[in-house]
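Nothing in this text is a laboratory measurement; each read-out follows from the coordinates by a stated rule. Just so it is clear, the model here is predicted, and its values are computed rather than measured. A quick note on method: Cβ atoms are made from the backbone with ideal geometry, for glycine too, and the neighbour counts reach across all protein chains shown.
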């Protein structure tokens, strides 16, 4: 992937601000619709876009006694890589974006950053 293709992919990608929302309250009284909710009638976790979270909280604040939101990126164009697809060792704390090629039997150490378009050969330590 050359630099022009990387620029094109980033500029054309839909920008996302995913939110992970921990909820507590009378959740059985809330209609979650198409939102990705996991939990019970009193507590749970909601995965959605930040804009959806903002609307959701305003609409349902009377049923929510406590909530905490985690946002680890803002207007991000390229998602993180699915680490399960690589045949190598990846230590906690390595940051690997999608569209990265990693050869077999590599070791990716804590603190390594592999961004879109990176190509790592077999048996390499980063």
Would a scan of the stretch 85-106 turn up a residue that is in a loop (DSSP other than H, G, I, E, B), in contact (Cβ under 8 Å) with a residue 40 or more places away in the chain and in contact with a strand residue (DSSP E or B) (Cβ under 9 Å, 6 or more places away or on another chain)? no
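Please go through the stretch 16-32 and pick out each residue that is touching a residue at least 12 places away in the same chain (Cβ under 8 Å) and either more than 22 Å from residue 74 (Cβ to Cβ) or exposed (fewer than 11 other Cβ atoms within 10 Å of the Cβ) (or both). Show your work before the answer.
Within the stretch 16-32, the first condition is being touching a residue at least 12 places away in the same chain (Cβ under 8 Å), and the residues that meet it are 16-30, 32.
The answer is 24, 25, 26, 27, 28, 29, 30, 32.
Is it the case, given these coordinates, that residue 35 is out of contact with any helix residue (DSSP H, G or I) (no Cβ under 7 Å at 6 or more places or on another chain) and surrounded by 13 or more Cβ atoms within 10 Å (Cβ to Cβ)?
Taking the combined requirement at face value, the residue does not satisfy it.
Of all residues in the stretch 16-37, how many are part of a strand (DSSP E or B) and closer than 15 Å to residue 64 by Cα? First the steps, then the outcome.
The first filter runs over the stretch 16-37 and keeps only residues part of a strand (DSSP E or B), leaving 16, 18-25, 36-37.
Filter again for closer than 15 Å to residue 64 by Cα, leaving 21-25, 37.
The total comes to 6.
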